[in-house]
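Visitor: Right, I'll just put the structure down here and ask away after.
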Amino acid sequence: MFDSDEFIVNAKNEIKEEIGDEKAIIALSGGVDSSTCSALVSDVIGDNLTAIFVNHGLLREGEVEEVTETFKDRLNFHYVDASDEFLDELAGVEDSEEKRKIIGRLFIEVFEREADKMDAKYLVQGTIAPDLIETEGAIKSHHNVVLPSGMELKVVEPVRDLYKPEVREIGAKLGLPDKVVHRQPFPGPGLGVRVVGALTRDNVEICRKANKIVVDEVEAAGLDKELWQYFAVVTNTKATGVKGDLRDFGYLVVLRLICSEDAMTAEVPELPWEIVRKMSQRVTSEISEVTHVALSISDKPPSTIEFC
Ligand code: XMP
């Protein structure tokens, strides 16, 4: 049986012993893993931990404001807007593993550039057990477990043996707000892996708008705590539609709403039909570039949670 109080005491002792009076940095995404690690480490070393929040241009609507608001007074918080750098380099890239590689490499470059200013000796990472298992199994190259190659930093991974529900428990005990503790997991490469095929600023924006609609409707229906992840994917399939009196040729967007315990397996729940229909209607009426909406009904396995 997992004892979160005991875990926190032990983890803090280890952090104290390992980092001591040195400086550390962490890439904070605002998700529960990196937020919990930031809170855990900053509780021990205070402002000697700098939490670097990089905007790679593939974040969700309102995410920069939300993360900044949550952490600016709680942590030694450092925001970097690198969105143009990422989006310029990703323009037209089709293959999702290629996208992951570019995002991972640029992320490290941006992070190293910022970290150089901090004089840190330690790099804190919010790696959790499934990240390691899935990366070792080479299912997808989750960029958050690729270590910055040129950095001479010692890596500290306080929650590397935990699964998400345990991390949430720790985060709550450390006083993180509910919206962080129960925030749905969001992949490091962000909306980049929710656009199938060539990335453009336009289809990233379509994806951002569609994701916001899914989140709004799930929250309005009070389903957010029941679902593990809920999002929209912009596919590279074009489908015919009719808008007004005119024939239109737009994107096919797929809704993916799934239940899971730890992302290793996942099931599609029976969703209230009116919610799915409302999402579909809102997506096609509010996003002019979309003509069709489909619902993914595949479990993991055989599908993965993300489309790419
Ligand atoms: P899959 O799609 O492999 O996803 O079933 C399992 C969990 O991992 C998330 N995911 C990622 N997280 N970098 C990340 O940090 C990635 O490249 C990545 N790809 C998938 C996914 O959202 C799900 O929670």
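The values are calculated or read from the model by the stated rules, or taken from the named source; none is laboratory data. Just so you know, these numbers come straight off a predicted model, no measurement behind them. When we count neighbours, we look across all protein chains shown, and the Cβ atoms used for this are built from the backbone with ideal geometry, even at glycine.
Visitor: If only one of PRO165, PRO189, PRO185, PRO177 is away from the ligand (no atom under 14 Å from the Cβ), in contact (Cβ under 8 Å) with a residue 12 or more places away in the chain and not aliphatic (A, V, I, L, M), which one is it?
Guide: None of the others qualify; the one that does is PRO177.
Rundown of residues vs (1) within 12 Å of the ligand (Cβ to nearest atom); (2) crowded, with 18+ Cβ neighbours inside 10 Å, yes/no style:
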| residue | (1), (2) |
| --- | --- |
| VAL268 | no, no |
| GLN281 | no, no |
| GLU286 | no, no |
| HIS292 | no, yes |
| PRO301 | yes, no |
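Visitor: Being in contact with a Gly (Cβ under 7 Å, 6 or more places away or on another chain), crowded, with 20+ Cβ neighbours inside 10 Å and more than 16 Å from VAL67 (Cα to Cα) is the filter here; which residues of segment 158-203 pass it?
Guide: VAL159, LEU199
Visitor: OK, next. Taking segment 5-23 only, how many residues are in contact with a helix residue (DSSP H, G or I) (Cβ under 8 Å, 6 or more places away or on another chain) and over 21 Å from LEU49 (Cβ atoms)?
Guide: Total meeting the criteria: 1.
Visitor: Considering only segment 143-167, state which residues are touching a Ser or Thr at 6+ places or on another chain (Cβ under 8 Å), part of a helix (DSSP H, G or I) and modelled with pLDDT of 90 or more.
Guide: GLU166, VAL167
For (1) more than 29 Å from THR304 (Cα to Cα); (2) touching a strand residue (DSSP E or B) at 6+ places or on another chain (Cβ under 6 Å), each residue gets a yes or a no:
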site	(1), (2)
ASP47	yes, yes
ALA51	yes, yes
LEU58	no, no
GLU61	no, no
GLU66	no, no
ARG74	yes, no
PHE86	no, no
LEU90	no, no
SER96	no, no
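Visitor: Considering segment 79-116 alone, what residues qualify as being free of Cβ contacts under 8 Å to residues at least 12 places away in the same chain, part of a helix (DSSP H, G or I) and closer than 21 Å to THR237 by Cα?
Guide: Once the filter is applied, which keeps residues that are free of Cβ contacts under 8 Å to residues at least 12 places away in the same chain, part of a helix (DSSP H, G or I) and closer than 21 Å to THR237 by Cα, segment 79-116 yields only GLU98.
Visitor: Now, a different point. Which condition from (1) within 16 Å of the ligand (Cβ to nearest atom); (2) without any contact (Cβ under 8 Å) to a residue 12 or more places away in the chain; (3) aliphatic (A, V, I, L, M) is the one that LEU246 breaks?
Guide: (1)
Visitor: Here is a follow-up. ILE258 is checked against (1) within 16 Å of the ligand (Cβ to nearest atom); (2) of a type in the set (Val, Ile, Thr); (3) in a strand (DSSP E or B); (4) over 20 Å from LYS179 (Cα atoms) and fails just one. What number does that condition carry?
Guide: The single condition ILE258 does not satisfy is (4).
Visitor: Another one. Looking only at residues in segment 192-213 that are away from the ligand (no atom under 16 Å from the Cβ) and in a loop (DSSP other than H, G, I, E, B), which one is nearest to PHE231 (Cα to Cα)?
Guide: GLY197
Visitor: Could you please let me know if ALA239 is part of a loop (DSSP other than H, G, I, E, B), in contact with a strand residue (DSSP E or B) (Cβ under 8 Å, 6 or more places away or on another chain), aliphatic (A, V, I, L, M) and away from the ligand (no atom under 16 Å from the Cβ)?
Guide: Judged against the criteria, ALA239 is not a match.
Visitor: Separate question: Report, ordered by the first and then the second residue, all pairs with beta carbons closer than 6 Å, sequence separation of six or more or different chains, a first member in segment 258-278 that is at pLDDT below 95, and a second member that is within 12 Å of the ligand (Cβ to nearest atom) and not in a loop (DSSP other than H, G, I, E, B).
Guide: Final answer for the pair search is ASP262/PRO130; ASP262/LYS164; ALA263/PRO130; MET264/PRO130.
Visitor: Among the residues of segment 51-66, are any over 20 Å from PRO187 (Cα atoms) and either within 17 Å of the chain's Cα centre (by Cα) or part of a helix (DSSP H, G or I) (or both)?
Guide: no
Visitor: Given the condition in a strand (DSSP E or B) and either in contact (Cβ under 8 Å) with a residue 40 or more places away in the chain or crowded, with 20+ Cβ neighbours inside 10 Å (or both), answer yes or no: does some residue in segment 38-50 qualify?
Guide: yes
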